[in-house]
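What follows is one structure encoded as structure tokens, with my remarks underneath.
The values are calculated or read from the model by the stated rules, or taken from the named source; none is laboratory data. As the structure is a computational prediction, the values presented were derived from the model and not from experiment. Please note: Cβ atoms are built from the backbone with ideal geometry, for glycine as well, and neighbour counts cover all protein chains shown.
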Amino acid sequence: MSGRHSKHDLESTRDDDALRDLEKKWTDSPARALRWHKDLDVRGLDCNSAPGYDGDKSDGEELVAAHADELSELQERLFADGRSGGTRSVLLILQGLDTAGKGGIVRHVVGLVDPQGVMHRAFGVPTAEEASHGYLWRIRNALPRPGYIGVFDRSHYEQVLVVRVDGLEPEETWRAHYDEINAFESELAAAGTTIVKVAMFVSKDEQKARLAERLDRPDKYWKYNPGDLKTRARFGDYLDAYQEMLERTSTDVAPWHVVPADKKWFARLAVTELLLGALRALDLGWPPADFDVEEQKTLLAES
Ligand code: ATP
């Protein structure tokens, strides 16, 4: 072998170097930098910060774009694994106050992978049928099947958030949900689901600006809900509820990640990296053929 590289080799080396430079803007692993810990009180969180990340908006957007192919390939491996009898799945749980950008995560991050492999569900006020069952009923019905990435836009956690803040259940009832949820999630994890929990935090000022934009733009009226002001009036109560949710339900099998969301680009980068980390950790190869490849080639050639 001569020491010379082909043009293609050189280009891909340059691409690899560029990717490594972009990845180095993370000063810590995203999962570690964003994971909730007991000294983190979200009531004092700087929602405009970018924990663990040193790059700017264009670096962040470039890294998301650069990781898109890997994210997409790993999702396909997961799907292939599910098709071949595997039991694994991933569940991304998104929680956040109005305007925190949950929808943007679904569009810009989850949208990077093949929609055929995604089971997305947004949870609103329970329907009459849902309300006639326990609160986990609709959650269980929406869980990702093996091979899928499930995405919950809001989730069972509403049962310790809006239900608490609006006093929809007595305190002793909603308080019991913390342990119930932990038990439910550990059962889920034991059955092969990797749970990625993301709590997104927008500041009160940024929320005001985002709501004002919705009122200024006819193409955004549809996103505005007058009820959001009622929720906004309880901003502090929600932060209390979020804080206790993090304290009570961040577990080893299903830890919470806290994502400051005033910078939309950072929130999208953060969730891309968390999802990528979860898929990488599955360490999935491609399933082997369950047929005789050579025989099929011969048969195909003869056909
Ligand atoms: P979003 O604000 O997430 O974009 P939206 O304004 O379009 O959503 P929906 O998706 O219809 O509204 O419903 C979201 C609302 O449903 C939120 O106000 C949320 O608090 C409420 N909700 C979700 N789960 C429950 C629950 N278990 N009990 C009561 N209210 C709930």
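In this structure, does Lys208 turn out to be without any contact (Cβ under 8 Å) to a residue 60 or more places away in the chain, in contact with a helix residue (DSSP H, G or I) (Cβ under 9 Å, 6 or more places away or on another chain) and of a type in the set (Lys, Arg)? Yes. Against the list (1) modelled with pLDDT of 95 or more; (2) surrounded by 14 or more Cβ atoms within 10 Å (Cβ to Cβ); (3) near the ligand (Cβ under 9 Å from one of its atoms); (4) in a loop (DSSP other than H, G, I, E, B), the condition Gly124 fails is (2). For region 169-213, residues that are of a type in the set (Asp, Glu), farther than 28 Å from Ala278 by Cα and within 15 Å of the ligand (Cβ to nearest atom) total 2. Every test in (1) on the phi < 0 side of the Ramachandran plot; (2) more than 16 Å from the ligand (Cβ to nearest atom) is passed by Asp283 save one, and that test is (1). Scanning region 51-107 for residues that are within 16 Å of the ligand (Cβ to nearest atom), crowded, with 17+ Cβ neighbours inside 10 Å and of a type outside the set (Gly, Ala, Ser) turns up Leu92, Ile93, Leu94, Gln95, Leu97, Asp98, Thr99, Lys102, Ile105, Val106. Restricted to region 148-168, and to residues that are assigned to a loop (DSSP other than H, G, I, E, B) and more than 9 Å from the ligand (Cβ to nearest atom), which residue is surrounded by the fewest Cβ atoms within 10 Å (Cβ to Cβ)? Checked region 148-168; the qualifying residue surrounded by the fewest Cβ atoms within 10 Å (Cβ to Cβ) is Gly167. Residues that are surrounded by fewer than 12 Cβ atoms within 10 Å (Cβ to Cβ) and closer than 19 Å to Gly124 by Cα were ranked within region 222-260; the one that is nearest to the ligand (Cβ to nearest atom) is Gly227.
Counting only helices (runs of 4 or more DSSP H) that sit completely within region 1-84, those holding 3 or more residues that are more than 30 Å from Glu206 (Cα to Cα) correspond to 7-23, 57-83.
Counting only residues that are within 11 Å of the ligand (Cβ to nearest atom) and either of a type in the set (Gly, Ala, Ser) or surrounded by 17 or more Cβ atoms within 10 Å (Cβ to Cβ) (or both), region 135-147 holds 3 of them. With respect to the stated conditions, Gly117 is surrounded by 12 or more Cβ atoms within 10 Å (Cβ to Cβ) and either within 16 Å of the ligand (Cβ to nearest atom) or over 22 Å from Trp36 (Cα atoms) (or both).
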